[in-house]
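K.L.:
Shown below is the structure under consideration.
The values are calculated or read from the model by the stated rules, or taken from the named source; none is laboratory data. Just so you know, these numbers come straight off a predicted model, no measurement behind them. Just the protein is used for accessible areas: all its heavy atoms, side chains included, with ligands, DNA and RNA removed. Shrake-Rupley method; radii C 1.70, N 1.55, O 1.52, S 1.80 Å.
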Amino acid sequence: MNRLPLLFSFKEMVFGDGFLAEVVAKGRMLAEKEKGGVWIYGVQPGGLSAGGKDENQAYMEFKSTFIEILSHMAKKSTYEEFKEEARKFFHEVCDPTLEDWKASVIEIRKKTTNPTTFKSESAESPRSIRVKRICSVSKKTTHEETVLAA
């Protein structure tokens, strides 16, 4: 199969302008084998993609890109602004990729076995993002000091 519909769940700590936040995101992505490697396209959020020589590297690049986008948002925002920006970003859906994702789900359901070693979860399971302030951080506080204090 050239396309594989995937669900992801990321839990990350993000430092912002005066805050540390925990972000838990449960989204959709579409992995596609292409000449020379694998690309993963965001469905929800739809504004990112990443590639690699194989599925593992593409996944790690996708996750890294996701974290970089959140970190960039957080550095220039108050906590409330970041929370709103992160939600807007996450809820952006790439409609053409969503249609490909749905078609891939239908193809998977026609098969009698799971084509991967990934945990199987319902394609209809809810997708969401949660942003929670962990603590306020002085602008003079280093990341290491925050981790030790938390």
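K.L.:
Tell me, what HN-Hα J-couplings in whole Hz come from the Karplus equation 6.51 cos²θ - 1.76 cosθ + 1.60 at θ = phi - 60° for each residue of segment 5-20, using x for Gly and Pro?
P.N.:
x, 10, 10, 10, 9, 10, 10, 9, 9, 10, 8, x, 7, x, 8, 10
K.L.:
Taking a probe of 1.4 Å, how large is the accessible area per residue of the chain, in Å²?
P.N.:
60
K.L.:
Given a 1.4 Å probe and every protein chain left where it sits, what share in percent of the accessible area of segment 19-72 is carbon and sulfur?
P.N.:
47
K.L.:
Continuing with this model, one more query. How big is the equivalent ellipsoid of the chain along its three axes, where each semi-axis is √(5λ) from the Cα gyration tensor, reported in whole Å from largest to smallest?
P.N.:
Semi-axes, largest first: 32, 15, 14 Å.
K.L.:
Would you mind checking LYS76/LYS132; LYS11/LYS33; LYS35/LYS110; LYS26/LYS132; LYS26/LYS111; LYS11/LYS132 for any pair whose Cα atoms are more than 19 angstrom apart?
P.N.:
Result: LYS11/LYS33; LYS35/LYS110; LYS26/LYS111 exceed 19 Å.
K.L.:
Turning to a different aspect of this structure: Which whole-number percentage describes the relative contact order of the chain, with Cα contacts under 8 Å and a sequence gap of 6 or more?
P.N.:
30
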